[in-house]
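Novice: Quick one: the structure is below, and I'll ask about it shortly.
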Amino acid sequence: MKIGVMSDTHLHQPNEVLEFILTTLFADADMILHAGDITGRRVLDRLTESEVLAVCGNMDDYEIADSVPHKRLIEIEGRRIGLMHGWGSRHGLEERIIERFSEDKPDIIVYGHSHEPFWGTIGSAAMFNPGSAGQNRGSGGATVGMLDMRSDSVLASFIDLRGEYSKR
């Protein structure tokens, strides 16, 4: 199962890059997740049309906060995926998120907020941050991610939007 993952779009309305992500990059994805900071209601409506599962981020307004949860636990093919945006300083971000899922015990936690792509284990938690679909602080490029759920493993990859979008 392939899962397209994005976060931190920071858009007030859908644009051609979002359409490219949804219709081209994630065309063969079985599921799409958005880890918050959607920002605009029209963007949320477009994500909903594509059946994207989303959570609210710290930059999302009350209208979005009333429409999507701050935390999700999704069960897929015997695995549990926790989905949350994050908040506060980048320092300690992953530990704060892990704490919020301490009772749920997900196999993978997908998160956003830092705008920095990350795939690795912190403590005993597998963590995946696709970076920002709008912009990244550390690397300078906008990224999304893909999780390939296999029977015995999970493969994670990042897609540089500037490189892929300019190729079309």
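The values are calculated or read from the model by the stated rules, or taken from the named source; none is laboratory data. Predicted model, so just to flag it, every value in this text is computed and none were measured. Ligands, DNA and RNA are stripped out before the accessible areas are found, and what is left, the full protein with its side chains, is counted by its heavy atoms. Shrake-Rupley method; radii C 1.70, N 1.55, O 1.52, S 1.80 Å.
Novice: Rounded to two decimal places and with Rh computed the Kirkwood way over Cα pairs, what is Rg over Rh for region 57-96? Mind showing how you got there, number by number?
Specialist: Numbers: Rg = 12.5 Å, Rh = 11.9 Å.
Dividing the radius of gyration by the Kirkwood radius yields 1.05.
Novice: Would you list the P(r) distribution for region 86-137, with all Cα-Cα distances sorted into 10 Å bins from 0 and each bin expressed as a whole %?
Specialist: Bin by bin from 0 Å, the calculated values are 26, 57, 16, 1.
Novice: Let me ask something additional. How large is Rg/Rh for the chain, to two decimals, with Cα atoms and a Kirkwood Rh? Walk me through the numbers before you get to the answer.
Specialist: Details: Rg = 14.5 Å, Rh = 15.6 Å.
Dividing the radius of gyration by the Kirkwood radius yields 0.93.
Novice: While we're looking at this one, here's another question. Using the heavy atoms of the protein chains alone and a 1.4 angstrom probe, what is the accessible area of the chain per residue in square angstrom? Let's see the in-between values first.
Specialist: Details: 8150 Å² over 168 residues.
Result: 48 Å² of accessible area for each residue.
Novice: Also, quick follow-up: Averaged over all directions, how much area does the convex hull of the C-alpha atoms of region 35-119 cover when projected, in nm²?
Specialist: Values: hull surface 23.7 nm².
Average of the hull's projected areas for region 35-119 equals 5.9 nm².
Novice: Two-decimal Rg/Rh of region 1-69 from alpha-carbon positions, Kirkwood Rh? Walk me through the numbers before you get to the answer.
Specialist: Working: Rg = 11.1 Å, Rh = 11.8 Å.
That ratio is 0.94, to two decimals.
Novice: Leaving out ligands, DNA and RNA, what percent of the accessible area of the chain is carbon and sulfur, probe 1.4 Å?
Specialist: 47 percent
Novice: Where both partners of a DSSP beta bridge lie in the chain, what percent of those bridges are antiparallel, to the nearest 5? Write out the running numbers ahead of the final one.
Specialist: Values: 22 of 35 bridges.
Among the beta bridges of the chain, antiparallel pairing accounts for roughly 65 percent.
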